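Data first, discussion second: the structure below is written as structure tokens.
Every read-out reported here was derived from the displayed coordinates using simple, explicitly stated rules and does not represent laboratory data. What you are looking at is a predicted structure, and each value in this text was computed from that prediction instead of being measured. Quick reminder, even Gly has a Cβ in these numbers, built from the backbone with ideal geometry, and neighbours come from all protein chains shown.
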């Protein structure tokens, strides 16, 4: 054997890994396939165009869109500050990823005890402005933003730190102030990772369930998003729940396709800690 | 190498321990409506106390969801539902053994904050700025709430339709909702965290609770014994103490 061919065979993944790898892939593919087998395609149009389904779809798209926007408005500044902070970066980063590792139901309870009628912020809002957050569409958006924002922040934070700050240094030596450096240098460089962060947080917001049902409740056209509608329909009409699940999968695939293969690769790179 | 040996020894020890406990205890699994939570926990305790090495495993949830889980092959020996419709779903799926028997009835009531600060006086009081929470119409307590509202000619405008009755109670107990349509027994089980406002005509739409053993029960004898225990004088006394009516 030449050294070259030894090198090549040494770089191939060992055969032994193929078995668990195939099992891992099957674990993702088979349940989706199982769902597809249960779809009643004859009733599909009727099930998907029921008022409850349409309300849930519209509500899901609107709330996930709004919460993604909120994620960008709050998450981009947070990521930039986080990546450049001199001290305490580790602690801050741990705080930011908390919603990622925390069960969403716990997040929902936490929001409820802050913004609920008996929470201190909720009480103030109610007394001062007469605003009540729980059981409203705004509560859905808040719950989704809470769980989705870490995805965006992490993608950006990783990209900023990996990219270093050479361009910013050059801009600064040429006399640019912090705001000019941010808007003319940092932001344009961040667009590709930002796009992947947006895709990730939109997908997470779309799938949000636990925090939403705990904090916002479940009411058609107000707080019952697609995942909640799937859960509610599973009690009454399983066919309908299956049809809606199919819809959610289609939307998810659409998101992946829209993101494109390059972006998917970047998303996974961005997610690497 | 040594680590492998330690891991192997631990695995064998675990396996042996697993076998040993499997021999010592028999487990009967009971799926029960959320509204039965406290009562069935008590019943299970009494049932276990009588029998050496018998463990009752309880799973509570919305009756319709439990019926659905049974239809999909969830392993349970006994199913107790909060209304006939949920039980019929399980019967239709072919998972129920024999004829379900009714063991209790339950009435709806309005759960409010202690002292009833909003002065709610009945179904007609559930309007204006009262934040109302009900069960979703797909589950028994939601069906009962809708029937009540229809009888009283009231249009309910809930802020949320929850997946089971305990979630409704939780929203009222937490102070997020002013009123919740729950069962009489839920208010009693909440022990002072909420007060009840009676609903006129609640008797007319009281749910009948059916119980049955399953066809694929892993412990058919124990399952039958548990159902008999629920229907026995002692079992019925526990249910009555919790606020359930006779079937």
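Pairs of Cα atoms under 8 Å, at least six residues apart: use those to get the relative contact order of chain B, whole percent.
Here the relative contact order equals 27 percent.
Return one number: the angle in degrees, 0 to 90 and rounded to the nearest 10, between the long axis of the Cα atoms of helix B:140-152 and the longest principal axis of the Cα atoms of chain B.
10
Of the DSSP beta bridges with both residues in the protein assembly as shown, give the percent that are antiparallel, rounding to the nearest 5.
55
Compare the peptides A:17-26, B:66-75 by average per-residue count of other Cβ atoms within 10 angstrom and give them in order, highest first.
Order by mean packing, descending: B:66-75, A:17-26.
Using mean Cβ contacts within 10 Å as the protection proxy, how do A:69-80, B:134-145, A:245-256 order, highest first?
Result, highest mean Cβ count within 10 Å first: B:134-145, A:69-80, A:245-256.
So what is the calculated 222 nm ellipticity per residue for chain B, using -39500 (n - 2.57) for each DSSP H run with n of 4 or more, over all residues, to the nearest 500 deg cm²/dmol?
Taking each H run of at least 4 residues, the total per residue is -13000 deg cm²/dmol.
Only helical DSSP H runs with n ≥ 4 go in: add -39500 (n - 2.57) per run for chain A, normalise by residue count and round the 222 nm mean residue ellipticity to 500 deg cm²/dmol.
Helix contribution divided over all residues of chain A: -24500 deg cm²/dmol.
Please compute, for peptide B:67-79, the average count of beta-carbon atoms on other protein chains lying within 10 Å of each residue's beta-carbon.
Average per residue, whole number: 1.
Looking at the square roots a ≥ b ≥ c of the eigenvalues of the Cα gyration tensor of segment A:195-264, which shape do they give, rounded for a/c under 1.5, prolate if a/b is larger than b/c, or oblate?
It comes out oblate by the Cα gyration axes.
D for chain A, whole µm²/s, Stokes-Einstein with Kirkwood Rh over alpha-carbon pairs at 25 °C and 0.890 mPa s: what number?
Once the numbers are plugged in, D ends up at 115 µm²/s.
For the protein assembly as shown, just say rounded, prolate or oblate: build the C-alpha gyration tensor, square-root its eigenvalues into a ≥ b ≥ c, call rounded for a/c under 1.5, and beyond that prolate if a/b exceeds b/c, oblate if not.
Here the protein assembly as shown falls in the oblate category.
For residue A:85 and residue A:258, what does the FRET efficiency come to when R0 = 30 Å and r is the distance between their Cβ atoms, rounded to the nearest 0.05?
Once rounded, the FRET efficiency stands at 0.35.
Over segment A:43-271, what relative contact order in percent results from Cα pairs under 8 Å that are six or more residues apart?
About 31 percent, as a whole number.
Which whole-number percentage describes the relative contact order of segment B:127-247, with Cα contacts under 8 Å and a sequence gap of 6 or more?
Across segment B:127-247, relative contact order equals 24 percent.
Could you give the distance between the Cα centres of segment B:120-158 and segment A:154-176, to the whole Å?
58
Sorted by packing (mean other beta-carbon atoms within 10 Å per residue), highest first, where do A:230-240, B:186-196, A:197-207 land?
Top of the packing list down: A:197-207, A:230-240, B:186-196.
Taking the Cβ of each residue in B:59, A:5 as the centre, tally the other Cβ atoms inside 10 Å and list the residues starting with the fewest.
Fewest-to-most Cβ neighbours within 10 Å comes out as A:5, B:59.
Between segment A:1-76 and segment B:186-247, how far is it from one alpha carbon centroid to the other, in angstrom?
Answer, in whole Å: 43.
Which parts of segment B:209-243 would a label at residue B:88 reach, counting a residue when its backbone N lies under 16 Å from a point 7 Å out along Cα-to-Cβ?
Once the point is set 7 Å along Cα→Cβ of residue B:88, B:209-211 turn out to lie under 16 Å by backbone N, inside segment B:209-243.
Going by alpha carbons, how many degrees (0 to 90, nearest 10) lie between the helix axis of B:220-231 and the longest principal axis of chain B?
30
From the Cα gyration tensor of segment B:108-205, with a ≥ b ≥ c the square roots of its eigenvalues, which class applies: rounded if a/c is under 1.5, or else prolate if a/b is larger than b/c, or else oblate?
Verdict is rounded for segment B:108-205.
Would any residue of segment B:99-133 have its amide N under 20 Å from a label point 7 Å out along Cα→Cβ of residue A:123? List them or say none.
Answer for segment B:99-133: B:113-118, B:131.
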